[in-house]
1. In debye, nearest 20: dipole of segment 1-49 around its Cα centre with unit charges on the Cβ of K, R (+) and D, E (-)?
2. Taking the Cβ of GLU114 as the centre, find all other residues whose Cβ is under 12 Å away and add up their charges (Lys, Arg: +1; Asp, Glu: -1).
3. Calculate what fraction, in whole %, of the accessible area of segment 83-168 sits on carbon and sulfur atoms when a 1.4 Å probe is rolled over the protein chains.
4. Quick one: work out the % antiparallel among DSSP beta bridges in the chain, nearest 5.
5. Placing +1 on the Cβ of each Lys and Arg and -1 on the Cβ of each Asp and Glu in the chain, which of MET113, ILE157, LEU84 has its Cα farthest towards the positive end of the resulting dipole?
6. Please list 3J(HN,Hα) in residue order for segment 73-85, calculated via the Karplus relation 6.51 cos²θ - 1.76 cosθ + 1.60 where θ = phi - 60°; whole Hz, with x for glycine and proline.
7. Among 53-66, 5-18, how do they line up by average Cβ neighbours within 10 Å per residue, starting with the highest?
8. Taking a probe of 1.4 Å, how large is the accessible area per residue of segment 1-87, in Å²?
Amino acid sequence: FKYLDFIKDKRIGLVVNQTSTIGNTHIVDSLKSLGINIQKIFAPEHGFRGTADRGEHVKDDIDPGTGIKIVSLYGKNLRPGPELMGDLDLVIFDIQDVGVRFYTFTSTMTYMMEACAQNKVTMLVLDRPNPLGHCVDGPVMQDSYKSFVGLHPVPIIHGLTTAEYSHIINEEGWLKDGLKCDLH
């Protein structure tokens with residue numbers, strides 16, 4: 001794991017789903033086997049294991065394989081409050097995105113970046129290839145249509161990896177109240 005020195009001895013929150021694998025092993029299992037202190041898992045739309053239907057609210061839970069608490073970010077709360085961030089030093093975001101504006105994973109990432117900035121928690125976005133990274137297409141979203149399925153003024157197909165997108169969000173001042181996330 002390339003970032004082991006950066007994350008060891010930190011209290012970690014993970015924003016992950018079924019795509020968060022290293023080879024055939026889920027990142028939660030990989031990090032747990034390395035002795036990393038995972039405090040909680042934050043589950044986006046479709047849940048931690050990807051079993052919830054589109055639009056179905058995801059409930060808080062406990063991962064039966066590891067005993068780690070799962071906190072839903074797609075149910076009654078889309079944003080983690082300070083009570084969920086207080087025991088964290090670092091949040092790792094590792095979700096495969098398909099590079100289209102209306103996928104909610106980048107909205108979840110944005111809200112987590114805001115929570116990290118508000119609570120002085122560092123965020124590490126692990127990058128994965130964008131399967132549509134070879135093109136940019138469609139109109140740029142207008143602010144009057146802003147919602148959880150489209151937060152930013154980007155084209156429908158934006159051509160960015162998740163890490164590139166996170167840097168643009170941070171540097172363009174798209175976080176609430178002009179916040180800046182300690183982003184890696």
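1. Working: 7 positive and 4 negative charges, 23 e Å.
Using Cβ point charges on Lys, Arg, Asp and Glu, segment 1-49 gives about 120 debye.
2. On the way: positive: ARG79, LYS176, LYS180; negative: ASP177.
With Lys, Arg at +1 and Asp, Glu at -1, the neighbours total +2.
3. Numbers: 2040 of 3530 Å².
Carbon and sulfur atoms account for 58 percent of the accessible area of segment 83-168.
4. Working: 8 of 27 bridges.
About 30 percent, rounded to the nearest 5.
5. LEU84
6. Per residue, the Karplus-derived 3J(HN,Hα) values read 10, 8, x, 5, 10, 9, 10, x, x, x, 5, 8, 9 Hz.
7. Values: 53-66: 12.4, 5-18: 18.6.
Taking the mean over residues of other Cβ atoms within 10 Å, the ranking is 5-18, 53-66.
8. Working: 4780 Å² over 87 residues.
Result: 55 Å² of accessible area for each residue.
The values are calculated or read from the model by the stated rules, or taken from the named source; none is laboratory data. As the structure is a prediction and not an experimental result, all values here were calculated from the model. As a convention, Cβ positions derive from the backbone with ideal geometry for all residues, glycine included, and neighbour counts pool all protein chains shown. These area figures cover heavy atoms from the full protein model, side chains too; ligands, DNA and RNA do not enter into them. Shrake-Rupley method; radii C 1.70, N 1.55, O 1.52, S 1.80 Å.
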